[in-house]
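The values are calculated or read from the model by the stated rules, or taken from the named source; none is laboratory data. Everything numeric in this text was worked out from a predicted model, so none of it was measured. With ideal geometry, Cβ positions are generated from the backbone for all residues, glycine too; neighbour counts draw on all protein chains shown. Ligands, DNA and RNA are stripped out before the accessible areas are found, and what is left, the full protein with its side chains, is counted by its heavy atoms. Shrake-Rupley method; radii C 1.70, N 1.55, O 1.52, S 1.80 Å.
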Amino acid sequence: MEQAPFFIVGCGRSGTTMLRLVFDAHPDVAMPMESHFIDQLANRWGAFAPAGRLDHDALFHALRRHLRRMQIDEAEARRRVTALVNPGVTDVVEAIFRVYADANGKRRWADKTPGYVVTMPLLADLWPDAKFVHLIRDGRDVALSYLDQPFGPKRVPDAAQLWRRRVSIGRRNGAVLGPSRYLEVRYEEIVADPQARLAELCDFLDLRFDPAMLDFHERSEAVLPGKLDRWRGLFEPIQGGMRDWRTTMPQAMVRRFEAAAGALLSDLDYERRFPDPTPTDRIRAFIDARTYDAKAVLVRAQSARSEHGRRRV
């Protein structure tokens, strides 16, 4: 069990990168940048291993951009995968992650890819001993964070839909896995008492807490080269007050967000400024949800066409 991987998941902009750096600073854990390819590799395994024989050229052509982002040496990864006899998906993934782990002198690999919150059942089947940490943050702060980034939703209603759906799916998937494999963690609790919350996380993940985790920021320049301007908070110790919807989100935005995702905020015991949405708020939230669905269908169609053209994972 000590060697089983673990996965950090959640809605984007919830603090998962911070948690990734915290665990990558642990002397036993190696956690590279987001992988994004494991679920897609599993779903398309037949295309890479026709008749049960792995096509290494096709595989590494598809993985090249992912390995580059993860700072994994492609030549070494290819050497290790090629040496495998009749490998399956988990064999290939583990060989690739072990390249990063060995290069950093670590004995256990882990992954932080927020989007895997919707594919936890697949990953749980691939690694029956794997555990999952679902990091949850107040959705209104998540929405504000998205508005500051060049990616993700640029409207509060869209951010509300994304947060509500990702968190809800993650909680449903986690309920199936049960408390021995799934743990929900609040971002706000980590920043309020980092050592206590991280010690609890380590206990769940069969790790010993190490003070180096609290000093992750001392390694940020090496782990996130050139990212100081974009992620300044990750170059400092864990602290609260980086963003607070109560003081920076306009009332109209708060009302719009809570009309769309207020029920989930309440389920998670987050305070609400508008606990009783008006009929107009409800109608607007319904329209926002249908608009979000239509956009999602369009994005998936465009992504599928692009993916078919590149023939990559």
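Comparing THR119, THR291, THR247, which has the greatest mean-square fluctuation in the GNM of the chain with Cα pairs linked when under 10 Å apart?
THR247
Could you sort 74-85, 268-279 so that the peptide with the highest average Cβ count within 10 Å comes first and the rest follow in order?
Most protected by this proxy first, the peptides run 74-85, 268-279.
Where the centroid of each part is defined by its Cα atoms, how far is segment 21-70 from segment 195-215 in Å?
If you average the Cα positions of each part, the centres end up 27 Å apart.
Can you pull a Stokes-Einstein diffusion coefficient for segment 69-224 at 37 °C (0.692 mPa s), Rh from Kirkwood over Cα pairs, as a whole number of µm²/s?
Translational diffusion coefficient: 182 µm²/s.
In whole Å, how far is the Cα centre of segment 149-164 from that of segment 84-129?
Between the Cα centre of segment 149-164 and that of segment 84-129, the gap is 29 Å.
Give or take rounding to whole Å, what are the principal axis extents of the alpha carbon atoms in segment 182-234, in descending order?
Reported extents, whole Å, longest axis first: 33, 21, 20.
Can you tell me which lysines have their Cα less than 20 Å from the Cα of LYS295? Leave out same-chain residues fewer than eight positions away.
Correct list for LYS295: LYS154.
What are the residues whose amide H is under 5 Å from the amide H of LYS112, where those residues sit 5 or more places off or on another chain and H is modelled from the backbone?
For LYS112, the qualifying residues are ILE8, SER35.
On the accessible surface of segment 73-133, probed at 1.4 Å, how many percent belong to carbon and sulfur atoms?
Accessible surface attributable to carbon and sulfur in segment 73-133 totals 51 percent.
What does the accessible area of LYS112 come to, in Å² to the nearest 10, when a probe of 1.4 Å is used?
10 Å²
Cross-link partners among lysines for LYS131, C-alpha distance below 30 Å, same-chain residues fewer than 8 apart left out?
Correct list for LYS131: LYS106, LYS112, LYS227.
Keeping every protein chain present and rolling a 1.4 Å probe, give me the accessible area per residue for the chain in Å².
Computed with neighbouring chains in place, this is 47 Å² per residue.
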